[in-house]
1. Would you mind checking which residues have amide H under 5 Å from A:GLU23's amide H? H placed 1.01 Å from N; only 5 or more apart, or other chain.
2. Per-residue HN-Hα couplings for region A:63-71, Karplus 6.51 cos²θ - 1.76 cosθ + 1.60 at θ = phi - 60°, whole Hz, x for Gly and Pro?
3. Just name one of B:PRO86, B:ALA2, B:LEU46: the one whose Cα is farthest towards the positive end of the charge dipole of chain B (beta-carbon charges, Lys/Arg +1, Asp/Glu -1).
4. What percent do you get for the relative contact order of chain B when only Cα pairs under 8 Å and 6+ apart count?
5. Can you tell me the dipole magnitude for the protein assembly as shown around its Cα centre, using point charges on the Cβ only (Lys, Arg +1; Asp, Glu -1), in Debye to the nearest 20?
6. Below 8 Å between Cα atoms, with a sequence gap of 6+, how large is the relative contact order for chain A in percent?
7. Please compute the volume of the convex hull spanned by the alpha-carbon atoms of the protein assembly as shown and report it per residue in Å³.
8. In debye, nearest 20: dipole of region A:1-87 around its Cα centre with unit charges on the Cβ of K, R (+) and D, E (-)?
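Every number in this text was worked out from the coordinates using simple rules, so none of it is lab data. Keep in mind that what you see is a predicted model, and the values were worked out from it rather than measured. Neighbour counts run over all protein chains shown; Cβ positions are idealised from the backbone, glycine included.
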Amino acid sequence: MLELPQSMVDRVVEHARRDHPDECCGVVAGRAGHATRLFEMQNAERSPTGFVFDSGEWLTVYRDIDDADEDLLVVYHSHTMTEAYPSRTDVRWAVNTPGTSWLLVSTRSDELELRSYRIEDGVITEEELRIAGG
Amino acid sequence: MAIEVRIPTILRSYTGGDKAVQGSGATLTALLDDLDSRHSGLRGRLVTEDGALHRFVNVYVNDEDVRFLGGLETKLADGDSVTVLPAVAGG
């Protein structure tokens, strides 16, 4: 189960719509499973079919999270032409972020599609996304 | 020649859980060889069988991505700081 405040969910959706038709990406830091901070990341690929964290920005954000004794709770990104379900590329890269939720938002239509997954050892498991007030 | 190397969580199984280790070498390749002599297997997570830097990791020397420096042949000096991070990407 992933619980996020409404304000963070709104930011993810807004980010995805702003960067459409390119994919957006970012992370949520957390402490003991509770979301603390959201970081929008630049998609260094600026692509409608993929994303890569800008390496310099990622170093800054990773250090910020690590220095605050927080964890990487969520990696989020958008799909702009397909459903909010992990692609084969997502599964391949998810080995780098064990224990992290992969939150996907689709901007292929006006209808909101937002789903969260655990991807462990190549196996995709959808998890409940609970949106809390605030 | 002492160089501090910061290791990300997912690679700490190779360093006995240590967040940072010390190594030496005049280039990044030499440093990774030195580290692998004490932390067996670490090099293989960073360098492909073809001898290229693995695309799944970012390696920084003094906070500069080595892909924008000299790659694995990037020169190192005493007191330099090396940071390894998992790259994050998807499709």
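1. Long-range HN contacts for A:GLU23: A:SER47, A:THR49, A:GLY50.
2. Running phi through 6.51 cos²θ - 1.76 cosθ + 1.60 with θ = phi - 60° gives 4, 4, 5, 5, 5, 8, 6, 9, 10 Hz.
3. B:PRO86
4. Numbers: 147 pairs, mean separation 32.9, N = 91.
Relative contact order, chain B: 36 percent.
5. On the way: 22 positive and 39 negative charges, 45 e Å.
Computed about the Cα centre, the dipole is about 220 debye.
6. The normalised contact order for chain A reaches 28 percent.
7. Details: hull volume 27.0 nm³, N = 225.
So the per-residue Cα hull volume is 120 Å³.
8. Working: 7 positive and 17 negative charges, 39 e Å.
Here region A:1-87 has a charge dipole of around 180 debye.
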